[in-house]
Number of protein chains: 2
Amino acid sequence: MSTQQPTRREPEDNPGKDGRTDSPQDSSPSPGARISRRRLLGTAGAAGAAGLVAGGAAGAYAAEATRSDPEPLTSVGSTTVSFHGRHQAGITTPLQAHGHLVAFDLAPGADRKAAAALLRRWSRTAGQLTEGEAPPDDTGIALDAGPSALTVTFGFGRTFFGRAGLKEQLPEALAPLPDFASDALEAGRSNGDLWIQIGANDGLVAFHALRALQREARGTARLRWQMNGFNRTPGATGHPMTARNLMGQIDGTNNPKPSDEDFQRRIFVPATGEPAWMAHGSYAVVRRIRMLLDSWDHLSLERQEKVVGRRKSDGAPLSGGAEDTPVRLDKVNGDGSLAIAGAAHVRVAAPASNQGAAMLRRPFSYHDGFREDGAPDAGLLFIAWQADPMKGFVPVQRKLDLGDDLSRFLRHEASALFAVPGGCAPGEYVGQALLEG
Amino acid sequence: MSTQQPTRREPEDNPGKDGRTDSPQDSSPSPGARISRRRLLGTAGAAGAAGLVAGGAAGAYAAEATRSDPEPLTSVGSTTVSFHGRHQAGITTPLQAHGHLVAFDLAPGADRKAAAALLRRWSRTAGQLTEGEAPPDDTGIALDAGPSALTVTFGFGRTFFGRAGLKEQLPEALAPLPDFASDALEAGRSNGDLWIQIGANDGLVAFHALRALQREARGTARLRWQMNGFNRTPGATGHPMTARNLMGQIDGTNNPKPSDEDFQRRIFVPATGEPAWMAHGSYAVVRRIRMLLDSWDHLSLERQEKVVGRRKSDGAPLSGGAEDTPVRLDKVNGDGSLAIAGAAHVRVAAPASNQGAAMLRRPFSYHDGFREDGAPDAGLLFIAWQADPMKGFVPVQRKLDLGDDLSRFLRHEASALFAVPGGCAPGEYVGQALLEG
């Protein structure tokens, strides 16, 4: 399996299994394992628990029959993205409507062994949650809901390796990102030993996962920062794969596509890559980019489009065509001016301007209310995936930092880089090759 | 029309109309008016704009044909809730997945006339946005999306009447809420002259509305506070009407139902009510209630259920039955103890304990990250609707304030009360009878 796409199955295709879909790795589970435990959790003693033991899936429905007006889950709720696989989920998975990013630092005294135990706990719980099951002593926040395309992705920051006594395993690619002139970074919301990215199409399912994973960190790792983001709700537009950011601009058009010949090589560390524990992994650059929306919205539509180099309505480059048409940087207007202005964002960020540098951008928007000056505290939780940040984010940002027209409307307020290992098989855990290597 | 329910129509039922549904008041619009302007906005000159003028709905589709892989909107996107009607939308409308609450104070020098002009602008824009159209000079954030059950609800706070020179119109019911012993209110996030509640099933549609309305306040009213909330995504559960809060508990079971004989009388000011401009209006109590989730999650499931008086799994009262079964406060267990404990939340909050006091609770959950002590800054944006707060929220909260078992896990951090006038007809605006009375 080269990319992590969700499997969808309408409830009516599989009425005995509670709307769940099977993961590719989970083709012959025992009948009992098919029942979503979250549907039964806490059903006070009698009927529900007995149903689980005695009646299998039918028992699950019996327990539910006490609720009025049941309706089948739609694909929003029933979509499962397997936690297990060659790559971790949440990298090539379609954008989800809700996201949480959270970073932890190892607690004083926590060593490699403690970190290994934490990653084992986290991986086990993530595997359960993404299948719509609930861990023991669950909070119940996600009760009733399907897995809702939940993904959980784990990464390691540069500081982890010193604290865990694993300096020899520190990847070269995890070097600190260079300082950029336009950065205004807050240390407390940057970096971190450990990182979790949570995405789901339901807000309570996402929050539930955050709470469950945070609880398991107790004693081993302490919260460093946490951010909340969102994207379109599935079905709100006629174009489910299209993202718009809070500037109103279509975002991600030029992303590498899984069908590209060089997609794997650009996004994922090869099986023979260095260090060995990063085989099939990727590097995530995370930036909290505030948008100066009041200034931006003050520009005319024509001016906004010139700054970006694309039409706002449909994302088509100003050099002509449709959204997917390659940008023609040399196209000249009738009056002799460049169709794509010299400092337009698409020109400065274009692979052709950066020796073919490419990264997979998979962001969430954020909105944390308003700042004291009345401006919205809102923008983009920029998340970019690549096999090597020096061939992805860094060269592109160096160019943008020198000043594309769009940069005037952006403030990079937090930054982090994480090594995200490959995925794990059932029974294993993410980072096992690092922590037991 | 006694309650404000969304109208749904699948796109295939109405393929020439862009997935929109008609509002009950809008049964014979001109063909041109049927085209969603947001789909065309900014389509650089030529094809799109010409299509709008020349080709009507077909033109709208021609403009879109440049986008790859179009799919029809699902009901998530295509659901329209009319802004116009006897009551404002957003009171009896089913819970939406995303919400924004925002309060403004009149700017110095802004008088009744300026406030009237603002409410006229706001009502016009809200009417457009809820139909999936875009105001002039739009930000484009909601481009591609359907109305996604967007509602916009306007209210007036007590301080408005003094500032706008309308003291004689101040409703008696808008008296300050009493102080409650357990309150820990922040003044900066409480009260306000003007209030807007925005709800939608898509995060960008909701944010788009917030930005559009905030922009129109410039010069007349200044932001006082703003809060973001969320509920389940439609289709994530098999029970679309059920809300769970971040404690994992089903919330809203005992809400008055539109089918109840006394629903109208309890929730809405009658046509002959005082003051006259509040006919068909309602009063909204808004409380930001932080949940002490770490303490709560530390309790066993059995203890949590005893505190609430209901089962967590399905909301059934501990006195027996299913979620909808009336609570039997006098039910005694085999060992002689009360099935519903003396200080259980459902006992203290029950209408039977409060001379039949009832309100329509229609909350959003909120999660603003974490506090400095590492505890989640999360809980409930409690919004309760009633014809008279003295017969709804106030008597119930007085009882709870004396200490139900649940109160130990809650902190009321912000509070406001707003007079929410009846709805308006097309061409009119919310509050017109007050501001031009």
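May I ask you to report, in nm to one decimal and beginning with the shortest, the distances from B:Leu170 to the same position in the other copies, taking label points 7 Å along Cα-to-Cβ?
Copy-to-copy label distances for B:Leu170: 6.5 nm.
Bins of 5 Å, beginning at zero and ending with the bin holding the largest distance: percent of Cα pairs per bin for the range B:174-266, please.
2, 8, 13, 14, 18, 19, 17, 8, 1, 0
Any idea how far apart B:Lys113 and A:Leu170 come out in nm if each label point goes 7 Å out from Cα toward Cβ?
6.9
Filter the trypsin sites (Lys or Arg not before Pro) in the range A:334-437 down to the DSSP loop ones having no more than 16 other Cβ atoms within 10 Å, then list what survives.
Here the sparse-neighbourhood loop sites are A:Arg371.
Could you compute how fast the range B:283-414 diffuses translationally, taking Rh as the Kirkwood radius over C-alpha pairs and applying Stokes-Einstein at 20 °C with viscosity 1.002 mPa s? Give it in µm² per second.
Estimated via Stokes-Einstein, D reaches 135 µm²/s.
Could you give me the percent of Cα pairs per 10 Å distance bin for the range B:127-199, shortest bin first, beginning at zero and ending with the bin that holds the maximum distance?
15, 32, 25, 22, 6
Tell me, what is the FRET efficiency for A:Met390 and A:Lys257 to the nearest 0.05, using R0 = 30 angstrom and their Cβ-Cβ distance as r?
0.85
On alpha-carbon atoms, Rg over Rh for the range B:190-344 using Kirkwood Rh?
My calculation of the ratio gives 1.04.
Enter the Cα centre distance for the pair the range A:276-350 and the range B:365-437, rounded to the nearest angstrom.
Cα centroid of the range A:276-350 versus Cα centroid of the range B:365-437: 43 Å apart.
Ratio of the range B:365-435's C-alpha Rg to 2.2 N^0.38 Å, to two decimals?
Taking N as the residue count of the range B:365-435, the ratio is 1.56.
Across the range A:203-215, in residue order, what do the Karplus-derived ³J(HN,Hα) couplings come to in whole Hz, using 6.51 cos²θ - 1.76 cosθ + 1.60 with θ = phi - 60° and x for Gly and Pro?
With coefficients 6.51, -1.76 and 1.60, one gets x, 6, 5, 5, 5, 4, 5, 4, 5, 5, 6, 5, 4 Hz.
Counting only other chains, and only Cβ atoms inside 10 Å, what mean value do you get across the residues of B:203-213?
5
Pulled fully out, how much extra length does the chain show between B:Gln355 and B:Arg218, if you take 0.36 nm times their separation in residues and subtract their Cα-Cα distance?
Here the answer is 44.8 nm.
How large is the Rg to Rh ratio of the range B:125-280 when both quantities use alpha carbon positions and Rh follows Kirkwood?
0.98
Per residue of A:217-223, how many C-beta atoms from partner chains lie within 10 Å of its own C-beta, taken as a mean?
Mean shielding count: 1.
Calculate, in whole percent, how much of the Cα-Cα pair population of the range A:315-370 lies beyond 19 Å.
Here the tail beyond 19 Å accounts for 42 percent of pairs.
For A:Gly109, place a label point 7 Å out from Cα along the Cα→Cβ vector, do the same in each other copy, and report the separations in nm, one decimal, smallest first.
6.3
Give the residue list of GluC sites (Glu not before Pro) in the range B:145-236 that are DSSP loop and have at most 16 other beta-carbon atoms within 10 angstrom.
In loop regions of the range B:145-236 (DSSP not H, G, I, E or B), the sparsely surrounded GluC sites (Glu not before Pro) are B:Glu186.
Given R₀ = 60 Å, FRET efficiency for A:Arg371-B:Asn333 by Cβ-Cβ distance, to 0.05?
Working from the Cβ atoms, E equals 0.65.
Based only on other Cβ atoms within 10 Å, what is the fewest-to-most ordering of B:Phe156, B:Phe161, B:Phe370?
Going from least to most buried by this count: B:Phe370, B:Phe161, B:Phe156.
Mind listing the phi-derived Karplus ³J(HN,Hα) values for the range A:160-177, rounded to whole Hz, using 6.51, -1.76 and 1.60 with θ = phi - 60°, and x for any glycine or proline?
4, 5, x, 5, 8, x, 10, 4, 6, 9, 5, x, 4, 5, 8, 4, x, 4
Starting from a label point 7 Å past Cα on the Cβ side, list the distances from A:Leu292 to the same position in the other copies, nm, shortest first.
Result for A:Leu292, in nm, nearest copy first: 4.4.
With Cβ to Cβ distances under 14 Å as the rule, what net charge do the other residues near A:Asp260 carry (K, R +1; D, E -1)?
Taking every other residue near A:Asp260 into account, the sum is 0.
Mind checking the range A:246-337 for trypsin sites (Lys or Arg not before Pro) that DSSP puts in a loop (not H, G, I, E or B) and that have at most 15 other Cβ atoms within 10 Å?
Passing sites in the range A:246-337 are A:Arg328, A:Lys331.
If you take all C-alpha pairs in the range B:252-361, what percent of them are over 19 Å apart?
Looking at the range B:252-361, the distances longer than 19 Å represent 57 percent of pairs.
Throughout, read-outs are computed from the coordinates displayed, never taken from laboratory work. Just so it is clear, the model here is predicted, and its values are computed rather than measured. Backbone-built Cβ (ideal geometry, glycine too); neighbour counts: all protein chains shown.
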